[in-house]
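This report refers to the structure that appears directly beneath it.
The values are calculated or read from the model by the stated rules, or taken from the named source; none is laboratory data. Computed from a predicted model, the values in this text were never measured in an experiment. When we count neighbours, we look across all protein chains shown, and the Cβ atoms used for this are built from the backbone with ideal geometry, even at glycine.
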Amino acid sequence: MTDGDAADEGAAAGKPGDRTAANRGRTPPGPDGLPVVGSLHAYASDPFGFERRMVREHGDVVRWRMGDRWMYHLANPEHIEHVLVRNNENYVKGEIFQEALGPVTGNGILNSEGEFWRRQRHLVEPAFHPERISTYAGMMVEATAGRTADWRAGETRNVHSEMTALTLEIVGRTLFGVDLTGKSSTVGEALETVMARSEFSLTDLLPDAVPTPGRLKFRRAVDTLESVVEDIVAERRRNPTDEDVVSTLMAARDEAGHGMTDQQVRDEVMTLLLAGHETTALALTFTNFLLAQNGEVERRLVAELDEELGGDPPTVADLDDLTYLERVVDESLRLYPPVPGIVREPVADDKVGDYRIPAGATVSMAQHVVHRDPRWYDDPMAFRPERWTDEFRQSLPPLAYFPFAAGPRRCVGDRFALLEARLVLATILQEYHLELVSSPSLDLRPSITARPRNPVWMRIHDREEWTEPSADSKREAESRTEAFEE
Ligand code: HEM
């Protein structure tokens, strides 16, 4: 297989001989790969680097082979918009996605398809209505203040675990009306195992029935998460409310008057529990990590907080005036998108640009590639919140920035996440400066989300007493290049 193949090799995953208009088009270029495994080895050893290299070497539409599966990688925002928005009816999440998440989130709205998905999404959406979300703001700030109240100047904390515990508490209180504070380390450990499983390992090639140690550990982690979900559902069965999403799901009836099965309620709660805290915890971790290495940005942000809040806790009403804070979060989601890539499968053959994408192939689109593309972002590796002016936003092709995906399957919790990220940061940064003490390289583990492989240790300083070391900016500039290469 060589670059620019014009023949029908993609027919492995499509329908040879089918000559409808949509089906015409060339086979995209791509790496040669090895017999049998294709480029699996190169991908498995460095997925982020592999995808970026492929785009640099072969262009905006690249075809490569992962074992016996054809992968089509798209890097042009227009093509991504075609798949996620304009022609989304032709795409499902597909086998790779279902294999990775199905054993955990079952048929919840992250995984379900078609009419069933539409109905479930409709039931969940009211919990994310802007007016409803704004009522969560007080709880978000309170939880942050409570969680950080025992932080002491001079001590060192793993900010990733801290942020995961905090966002778990917030999702528990706001969406489910339960207190999950005592469960954070149990959930955190189980989540680590579940997410590690979606990273490729050679033992994945063994038949499913083989109980490898990794598979047994994964099963135990899912059991742990299930028991947390069961406790949440049991609590809401005992005390249903008008406000929490679990009671809404349990009370829902279809046209024939049938309610949701217990299994379905469990799948939706599991989906919201995991999707609702893990990604935001990562966004907060990455933002703190970036601020710690960009003193000038932090200074400007703290000055804005001082001016607009004057030491008071932030409220929803304040957020309109905190424009630099908004830009800091947007820029962090650009450089370190917590969901680094999205996959889809075309139901029928499609044509993207000049290229043919056969039904059943896997299409991948990576935020971590597009968000660092110099065609859309000047000096793409620099953390520069200033770039997010209104003019810049309007000049960007719509899908050159898609941390929350786009189209009908766009993240249902996007506004919730942005509100939470801004309020949490505003609360923490008024009180503390966080100094990075672990490596300035996050060594991101590419699974469904991009998780730091090691703890992210940061030293706590009281904001008022923090004065920046003079050599900092120089060190900052040096460490940045290394840190952002991930
Ligand atoms: C910074 C934080 C977040 C990021 C970066 C993020 C990103 C995403 C992305 C990229 C998708 C699309 C996945 C795909 O199509 O394959 C998605 C879907 C989803 N997200 Fe988020 N998310 C975040 C926070 C949240 C929060 C806070 C919640 C809930 C409280 C949530 C709930 C969901 C759900 C339920 C879906 C599935 C939607 C559907 O298919 O209809 N997310 N998210």
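Please state which one of Ala13, Ala75 is under 30 Å from the mean Cα position of the chain (by Cα), at pLDDT below 85 and either crowded, with 19+ Cβ neighbours inside 10 Å or under 17 Å from Ala361 (Cα atoms) (or both).
Result: Ala13 is the single residue among Ala13, Ala75 that is under 30 Å from the mean Cα position of the chain (by Cα), at pLDDT below 85 and either crowded, with 19+ Cβ neighbours inside 10 Å or under 17 Å from Ala361 (Cα atoms) (or both).
Restricting to region 216-275, give me the number of residues that are touching a residue at least 40 places away in the same chain (Cβ under 8 Å) and among the acidic types (Asp, Glu).
Number satisfying all stated conditions: 8.
Only residues in region 94-106 that are free of Cβ contacts under 8 Å to residues at least 24 places away in the same chain and closer than 20 Å to Val265 by Cα count as the first member; pair them with residues that are in a helix (DSSP H, G or I) and within 13 Å of the ligand (Cβ to nearest atom), Cβ under 9 angstrom, at least 6 apart or cross-chain, and list the lot.
Once the first residue is free of Cβ contacts under 8 Å to residues at least 24 places away in the same chain and closer than 20 Å to Val265 by Cα and sits in region 94-106, no partner that is in a helix (DSSP H, G or I) and within 13 Å of the ligand (Cβ to nearest atom) comes close enough.
Yes or no: Asn90 touching a Pro at 6+ places or on another chain (Cβ under 8 Å) and not acidic (Asp, Glu)?
yes
Could you list, in sequence order, the residues of region 335-368 that are more than 11 Å from the ligand (Cβ to nearest atom) and of a type in the set (Lys, Arg)?
Listed by number, the residues that qualify are Lys351, Arg356.
Out of the residues in region 142-168 that are outside any helix (DSSP H, G or I) and charged (D, E, K, R), state the one that is surrounded by the most Cβ atoms within 10 Å (Cβ to Cβ).
Looking at the filtered set, the residue picked out is Arg157.
Among (1) at pLDDT 95 or above; (2) β-branched (Val, Ile, Thr); (3) out of contact with any His (no Cβ under 9 Å at 6 or more places or on another chain); (4) surrounded by fewer than 24 Cβ atoms within 10 Å (Cβ to Cβ), where does Val265 come up short?
(1)
For Met195, which of the numbered conditions (1) part of a helix (DSSP H, G or I); (2) out of contact with any Ser or Thr (no Cβ under 8 Å at 6 or more places or on another chain); (3) at pLDDT below 85; (4) among the aliphatic types (A, V, I, L, M) fails to hold?
Of (1) part of a helix (DSSP H, G or I); (2) out of contact with any Ser or Thr (no Cβ under 8 Å at 6 or more places or on another chain); (3) at pLDDT below 85; (4) among the aliphatic types (A, V, I, L, M), only one is false for Met195: (2).
Let's see how each residue does on (1) under 25 Å from the mean Cα position of the chain (by Cα); (2) not in a helix (DSSP H, G or I):
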| residue | (1), (2) |
| --- | --- |
| Leu225 | yes, no |
| Val228 | yes, no |
| Asp231 | no, no |
| Arg236 | no, no |
| Met250 | no, no |
| Ala256 | no, yes |
| Val265 | yes, no |
| Leu272 | yes, no |
| Thr280 | yes, no |
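Would you mind stating whether Ala405 is small (Gly, Ala, Ser), within 11 Å of the ligand (Cβ to nearest atom) and surrounded by fewer than 21 Cβ atoms within 10 Å (Cβ to Cβ)?
Taking the combined requirement at face value, the residue satisfies it.
Any residue at all in region 148-156 that's in contact with a Ser or Thr (Cβ under 8 Å, 6 or more places away or on another chain), at negative phi and away from the ligand (no atom under 14 Å from the Cβ)?
So far as region 148-156 goes, yes, one or more of its residues are in contact with a Ser or Thr (Cβ under 8 Å, 6 or more places away or on another chain), at negative phi and away from the ligand (no atom under 14 Å from the Cβ).
Considering Asp318, Asp312, which residue is over 25 Å from the mean Cα position of the chain (by Cα), acidic (Asp, Glu) and not in a loop (DSSP other than H, G, I, E, B)?
Asp318
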